[in-house]
1. Considering only the range 289-301, state which residues are at pLDDT 90 or above and either surrounded by fewer than 17 Cβ atoms within 10 Å (Cβ to Cβ) or more than 22 Å from residue 360 (Cβ to Cβ) (or both).
2. All but one of (1) surrounded by 24 or more Cβ atoms within 10 Å (Cβ to Cβ); (2) under 26 Å from residue 177 (Cβ atoms); (3) touching a strand residue (DSSP E or B) at 6+ places or on another chain (Cβ under 6 Å) hold for residue 215; which doesn't?
3. Within the range 180-212, can you find the residues that are more than 17 Å from residue 118 (Cβ to Cβ) and either surrounded by 22 or more Cβ atoms within 10 Å (Cβ to Cβ) or touching a residue at least 24 places away in the same chain (Cβ under 8 Å) (or both)?
4. Just to check your reading of the model, which residue among 73, 48, 38 is modelled with pLDDT of 90 or more, out of contact with any helix residue (DSSP H, G or I) (no Cβ under 8 Å at 6 or more places or on another chain) and assigned by TED's automatic domain parsing to the domain that holds residue 125?
5. So which residues in the range 304-321 are surrounded by fewer than 19 Cβ atoms within 10 Å (Cβ to Cβ) and at pLDDT below 90, if there are any at all?
6. Quick one: is residue 255 farther than 30 Å from residue 329 by Cα, in the same structural domain as residue 110 (by TED's automatic domain parsing), outside any strand (DSSP E or B) and touching a strand residue (DSSP E or B) at 6+ places or on another chain (Cβ under 6 Å)?
7. Which one of these is closer than 25 Å to residue 204 by Cα and touching a residue at least 60 places away in the same chain (Cβ under 8 Å): 44, 65?
8. Output the residues belonging to the range 114-129 that are within 17 Å of residue 76 (Cα to Cα) and either under 23 Å from the mean Cα position of the chain (by Cα) or modelled with pLDDT under 95 (or both).
């Protein structure tokens, strides 16, 4: 809860730095657009970002998110074998040409999904994780709800057209941001060309920005007759990760042009300034009744702030600690707060926690110190 409150405070403060919807320099021919900065979640540009639209294979961002959660939670390994069902094999469109009864590793399935946008791979992974695609889709919708994706509903794992399958640019940005917290995914979304089945099946990334845009590291394209051309494009420069979502572009080239324009705008006009690293000691704080006289106050998490480029050079810190800090105190226990201030405005806030354990003095130590103080006074 403290992290949520901290994030909301930062987001509300940083919102003041966001530009108007029709910012100069952005040229895009699409139904819906949004550009966000990932670490803060700040919206840098948006146009019609909340219209419910079909999103085609951009859907696979949620599919990959659930796969990465299974891996990072220890429920699945990259070298686990995945069996292909008749149902998975039956899916057309963009595929990795799976055969019923074939087995591939999770690693290879992820390559097929992230690089070749394999519809059959999505279904095979859904069945492997949840037992059926329908059960996996329920997981997708539950995850969307947990991320606050209020205008999203999935009916399949791959984005094939269906009237009840839709999302918005804002919601796509939210699930894109969540996927990129699993940094292993970049091993797949940054692949330009690769192969499967001992070189028998060649892969080429559907996201052309990976090769042609500086800093591009993801994330997923999509196109159908109903959705038109879509992309969630990710790029990172100078420590700033941006996500540009384009939905409903009339052609593939205009989709990529719009994504480039959004990303160019973000990198030209904004920068991320680190405020603190996780575990950074801010100061030492006196405590009462402890075996030690003070403890280190360290930051609970990494924090950064978004600024218009050229700003954010003079940042000060303000600390506030709990009253009457007294041992025992456990390492990691919250003991205060640090605020980061620029031009009189709070641009970030983070909990301060104890950097070490502080045991309470025993009666023996208290008596010893008492007699030492008495004898010292006499002498």
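The values are calculated or read from the model by the stated rules, or taken from the named source; none is laboratory data. Here the structure is a predicted model, which is why all the values come from computation and not from measurement. Here Cβ is always computed from backbone atoms with ideal geometry, including for glycine, and neighbour counts include all displayed protein chains.
1. Passing the criteria: 294, 299, 300, 301.
2. That leaves (1) as the condition not met.
3. The answer is 180, 182, 184, 186, 190, 208, 209.
4. 73
5. Selection gives 309, 310, 311, 313, 314.
6. In short, yes.
7. Result: 65 is the single residue among 44, 65 that is closer than 25 Å to residue 204 by Cα and touching a residue at least 60 places away in the same chain (Cβ under 8 Å).
8. If the condition is that a residue be within 17 Å of residue 76 (Cα to Cα) and either under 23 Å from the mean Cα position of the chain (by Cα) or modelled with pLDDT under 95 (or both), then 122, 125, 126, 129 are the ones that fit.
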